[in-house]
Amino acid sequence: MSRGAQEILARVFGYTAFRGEQQAIIEHVAAGGDALVLMPTGGGKSLCYQIPALMRPGTAIVVSPLIALMHDQVSALREAGVAAGCLNSSLDLESSRAAENALYEGKFDLLYVAPERLLTPRFLDQLDHLRDTERLALFAIDEAHCVSQWGHDFRPEYMQLSILPERYPAIPRIALTATADRQTREEIARNLRLNGARRFVSSFDRPNIRYTIVEKNDPRRQLLHFIREEIHPQFSRAAGIVYCLSRRKVEETAAWLQEQGIAALPYHAGLPAETRAAHQNRFLREEGLVMVATIAFGMGIDKPDVRFVAHLDLPRSIEGYYQETGRAGRDGLPARAWMAWSAQDVVTQRRMIDGEDGDGEDYETHRRLARNRLDALVGLAETTACRRQHLLAYFGEESAPCGNCDNCLEPPQTWDATDAARKALSCVYRTGQRYGAGHLIDVLRGDLTEKVALRGHEKLSTFGIGAELDDKHWRMVFRQLVAHEYVKIDHERYNALALTEAARPLLRGEIEFMVRIPREKTRKSRRQKLVSAELPGGIPTTLFDRLRAWRAATAGERNVPAYVIFHDATLRDIAIARPTTTEALRTISGIGDRKLEAYGEEILNIVAECG
């Protein structure tokens with residue numbers, strides 16, 4: 001090991017201290033140990049293999065599933081003075097051969113490669129050569145959850161990476177992911193043959209993200225209000241991601257946002273590859289864009305200044321929700337995670353789970369686990385306690401109330417709806433479990449409609465027993481009964497409601513049924529809370545804006561995303577500290593030796609010009 005980890009951290013990457021378990025991971029891998037690393041998005045996973053790569057002799061091979069991520073990381077490393085390259089399908093023949101020659105000659109510190117390229121006989125022969133000449137430093141397997149067969153990011157090629165310990169047993173391996181529950185961790189360890197690897201599990205907490213979950217009520221308008229009233233007043237050029245369940249909804253939402261004056265682009269797997277690449281490239285390189293996407297977009301997106309992630313549909317699991325919301329605020333600055341959901345979302349997801357192809361015990365186990373994960377996410381949406389506490393508890397982490405989620409900032413009101421729920425369930429039963437919520441509400445309220453009279457339902461014991469509640473409250477009760485699976489929707493019988501086994505103890509009065517009451521907020525109160533909680537103070541905005549403009553121009557000249565030059569957090573630190581000398585500038589986090597040499601004089605001139 002030629003250089004120490006602390007020296008590399010400071011001189012190459014411009015940071016003065018490690019975070020969390022970074023140092024322990026780096027020292028373990030640099031010494032030749034295998035590691036399985038779970039660290040939240042924005043927690044500094046990349047340094048956990050980049051620094052050992054610079055400490056060990058030879059070239060580190062980084063397996064990455066996404067071309068865009070490879071190019072961004074290679075650009076960032078080169079800006080920091082690190083010899084990095086990549087091999088993937090986007091390169092032409094000449095560029096591929098040049099990269100292969102550089103690899104053969106040992107000119108790279110790190111080489112990023114797609115798993116399917118690594119597994120080719122040609123590339124394995126090159127790795128054999130590096131091993132035989134003692135120039136193979138380590139293997140890093142990024143986005144390691146891609147090996148999980150039941151995950152939505154599954155990549156079949158990842159399963160074949162077990163060849164690495166067989167063929168190169170003396171070369172250390174580090175597998176990294178931001179999202180994995182206990183079962184997925186075991187799957188990663190088993191399929192990558194990392195059972196003996198040391199495990200590092202960091203805190204899953206992202207304290208800079210504020211979680212807000214609302215019930216759907218004209219969701220597009222709710223989304224627009226969120227962007228205009230809660231994001232733009234503080235972050236006028238805010239980048240964001242909006243997730244939708246279907247491709248059609250992605251395109252319709254993106255078009256609607258554009259009509260409302262929001263710069264939005266669609267992204268889903270059904271778009272031509274050239275369009276997807278162009279939209280992703282714009283999102284990475286331009287400020288203020290909103291990407292409306294399915295889950296096909298996002299994994300490995302290394303854009304640190306995404307200020308919000310919004311969901312217009314319920315994700316499939318807490319893992320999916322955590323992974324997707326984790327793409328906000330990677331720079332550590334304030335960010336928002338906002339979601340609108342409904343009981344119908346739950347029904348849709350359950351239908352998708354039950355409708356997945358496959359038979360046999362493994363598939364039944366998968367469906368059962370998928371339903372359990374969805375139920376856990378519904379619990380997060382419905383909880384009246386701290387959302388962050390609930391989220392972290394799912395990953396086995398204890399925490400105190402955060403003070404930075406919607407439930408902590410404005411505790412919700414609840415209503416003991418046990419009596420109303422029992423009336424509703426009785427009405428479902430008395431009417432033969434053949435009718436939808438609208439008809440049932442008419443019966444409960446005692447409204448003698450033509451349909452009620454035709455069926456003779458005015459003669460039932462449940463007719464009129466719920467007249468004290470209006471239509472809005474009854475619909476809320478039925479939504480919650482569906483979400484909790486006390487009743488299920490029969491789609492083949494025109495959305496008729498039917499009782500489930502879970503309804504029995506509620507009907508018998510053995511359990512309570514508490515309903516969350518949607519709160520009505522005023523624009524004024526929300527704005528005041530956000531400003532006091534999120535706007536960083538003491539930043540000379542004129543200087544900060546000048547630095548951002550300079551960064552954008554520089555990034556354009558170098559044909560890289562702006563954050564590859566410097567993160568917003570670094571520019572804000574410069575604006576606050578107003579350094580006047582090179583040595584003072586060196587103390588700013590994120591400015592290493594190469595960047596100081598390349599940009600130091602220009603930055604100091606801008607600071608001087610702004611007085």
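The values are calculated or read from the model by the stated rules, or taken from the named source; none is laboratory data. Predicted model only: the values in this text are computed from it and were never measured. Neighbour counts run over all protein chains shown; Cβ positions are idealised from the backbone, glycine included.
Going residue by residue through region 297-318, is there one that turns out to be in a strand (DSSP E or B) and farther than 30 Å from ARG572 by Cα?
Within region 297-318, none of the residues are in a strand (DSSP E or B) and farther than 30 Å from ARG572 by Cα.
Name the residue that is farthest from the chain's Cα centre (by Cα), counting only residues in region 51-85 that are under 15 Å from ALA140 (Cβ atoms) and of a type in the set (Val, Ile, Thr).
Applying the filter and picking the extreme gives THR59.
Would you mind finding the one in VAL62, VAL82 that is of a type outside the set (Phe, Trp, Tyr), on the phi < 0 side of the Ramachandran plot, surrounded by 24 or more Cβ atoms within 10 Å (Cβ to Cβ) and not in a helix (DSSP H, G or I)?
Sole residue among the options that is of a type outside the set (Phe, Trp, Tyr), on the phi < 0 side of the Ramachandran plot, surrounded by 24 or more Cβ atoms within 10 Å (Cβ to Cβ) and not in a helix (DSSP H, G or I): VAL62.
Which residue is farthest from ARG548 (Cα to Cα), if the candidates are limited to region 220-230 and must be in contact (Cβ under 8 Å) with a residue 24 or more places away in the chain and touching a helix residue (DSSP H, G or I) at 6+ places or on another chain (Cβ under 9 Å)?
ARG220
Return the pair list, or none, for Cβ contacts closer than 7 Å from residues in region 118-135 that are closer than 12 Å to TYR104 by Cβ to residues that are part of a helix (DSSP H, G or I), at least 6 apart or on different chains.
Sorted first by the residue in region 118-135, then by its partner, the pairs are PHE123/ARG117; GLN126/GLU100; GLN126/LEU103; GLN126/TYR104; HIS129/TYR104.
Out of the residues in region 547-566 that are surrounded by 21 or more Cβ atoms within 10 Å (Cβ to Cβ) and touching a residue at least 40 places away in the same chain (Cβ under 8 Å), state the one that is farthest from ARG330 (Cα to Cα).
Out of the qualifying residues, it is LEU547.
What's the total number of residues in region 234-247 that are more than 22 Å from GLN323 (Cβ to Cβ) and either surrounded by 16 or more Cβ atoms within 10 Å (Cβ to Cβ) or modelled with pLDDT of 95 or more (or both)?
2
Which one is surrounded by the most Cβ atoms within 10 Å (Cβ to Cβ), of the residues in region 12-33 that are touching a helix residue (DSSP H, G or I) at 6+ places or on another chain (Cβ under 8 Å) and more than 25 Å from GLY329 (Cα to Cα)?
VAL29
Taking into account only those residues within region 280-305 that are buried (at least 22 other Cβ atoms within 10 Å of the Cβ) and modelled with pLDDT of 90 or more, which is nearest to PHE566 (Cα to Cα)?
Of everything passing the filter in region 280-305, PHE283 is nearest to PHE566 (Cα to Cα).
Can you tell me how many residues within region 206-264 are hydroxyl-bearing (Ser, Thr, Tyr), within 25 Å of HIS567 (Cα to Cα) and assigned to a strand (DSSP E or B)?
2
With respect to LEU333, determine if the residue is in a helix (DSSP H, G or I), in contact (Cβ under 8 Å) with a residue 12 or more places away in the chain and either buried (at least 19 other Cβ atoms within 10 Å of the Cβ) or in the same structural domain as LEU245 (by TED's automatic domain parsing) (or both).
no
Consider LEU124 against the criteria (1) of a type in the set (A, V, I, L, M); (2) assigned to a helix (DSSP H, G or I); (3) closer than 25 Å to ALA24 by Cβ: it satisfies all of them except one. Which criterion is unmet?
(3)
Here are some residues: ARG327, ARG307, ARG316, ARG350. Which one is basic (Lys, Arg) and farther than 30 Å from GLY44 by Cβ?
On inspection, the qualifying residue turns out to be ARG350.
Among the candidates PRO57, PRO52, which residue alone is in a loop (DSSP other than H, G, I, E, B) and more than 24 Å from ALA598 (Cβ to Cβ)?
Going through PRO57, PRO52 in turn, the sole match is PRO57.
Could you list all residues from region 174-186 that are crowded, with 19+ Cβ neighbours inside 10 Å, more than 19 Å from GLY42 (Cβ to Cβ) and either of a type outside the set (S, T, N, Q) or not assigned by TED's automatic domain parsing to the domain that holds ILE61 (or both)?
ASP181, ARG185
Residue-wise test of (1) closer than 19 Å to ASP72 by Cα; (2) aliphatic (A, V, I, L, M); (3) in the same structural domain as ALA10 (by TED's automatic domain parsing).
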{"residue": "TRP550", "(1), (2), (3)": "no, no, no"}
{"residue": "ASP568", "(1), (2), (3)": "yes, no, no"}
{"residue": "ASP573", "(1), (2), (3)": "no, no, no"}
{"residue": "ALA577", "(1), (2), (3)": "no, yes, no"}
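Can you list the helices (runs of 4 or more DSSP H) lying wholly within region 381-465 that have 1 or more residues being under 30 Å from ALA310 (Cβ atoms) and among the small types (Gly, Ala, Ser)?
The helices (runs of 4 or more DSSP H) meeting that bar are 387-394, 437-445.
Kindly check whether there is at least one residue in region 291-305 that is of a type in the set (Asp, Glu) and more than 16 Å from the chain's Cα centre (by Cα).
No; the residues of region 291-305 include none that is of a type in the set (Asp, Glu) and more than 16 Å from the chain's Cα centre (by Cα).
Report, by residue number, each residue of region 152-169 that is free of Cβ contacts under 8 Å to residues at least 24 places away in the same chain and not in a helix (DSSP H, G or I).
Result: PHE154, PRO169.
Pick from ARG373, ARG367: which is in contact with a Lys or Arg (Cβ under 8 Å, 6 or more places away or on another chain), part of a helix (DSSP H, G or I), more than 30 Å from GLY590 (Cα to Cα) and not assigned by TED's automatic domain parsing to the domain that holds GLY436?
Just a single option satisfies the conditions, and that option is ARG373.
For region 72-92, state whether one or more residues are out of contact with any helix residue (DSSP H, G or I) (no Cβ under 9 Å at 6 or more places or on another chain), farther than 19 Å from ASP302 by Cα and not aromatic (Phe, Trp, Tyr).
Yes, because at least one residue in region 72-92 is out of contact with any helix residue (DSSP H, G or I) (no Cβ under 9 Å at 6 or more places or on another chain), farther than 19 Å from ASP302 by Cα and not aromatic (Phe, Trp, Tyr).
Does LEU91 qualify as being outside any helix (DSSP H, G or I), modelled with pLDDT of 95 or more, at negative phi and not assigned by TED's automatic domain parsing to the domain that holds ALA562?
Spelling it out, it is not the case that LEU91 is outside any helix (DSSP H, G or I), modelled with pLDDT of 95 or more, at negative phi and not assigned by TED's automatic domain parsing to the domain that holds ALA562.
Here's a check for you: in region 446-485, which residue that is of a type in the set (A, V, I, L, M) and touching a Ser or Thr at 6+ places or on another chain (Cβ under 9 Å) is surrounded by the fewest Cβ atoms within 10 Å (Cβ to Cβ)?
Applying the filter and picking the extreme gives LEU460.
Please work out which residue is nearest to the chain's Cα centre (by Cα), limiting yourself to region 195-234 and to residues that are within 14 Å of ARG336 (Cα to Cα) and among the hydroxyl-bearing types (Ser, Thr, Tyr).
Selected residue: TYR211.
Quick check on this structure: which one of ALA264, ALA255, ALA238 is more than 30 Å from HIS28 (Cβ to Cβ), free of Cβ contacts under 8 Å to residues at least 24 places away in the same chain and of a type in the set (A, V, I, L, M, F, W, C)?
Residue meeting the stated conditions: ALA255.
Filter region 14-35 for residues that are within 24 Å of ARG206 (Cβ to Cβ) and either touching a strand residue (DSSP E or B) at 6+ places or on another chain (Cβ under 8 Å) or part of a helix (DSSP H, G or I) (or both) and give the result.
The answer is GLU21, GLN22, GLN23, ALA24, ILE25, ILE26, ALA35.
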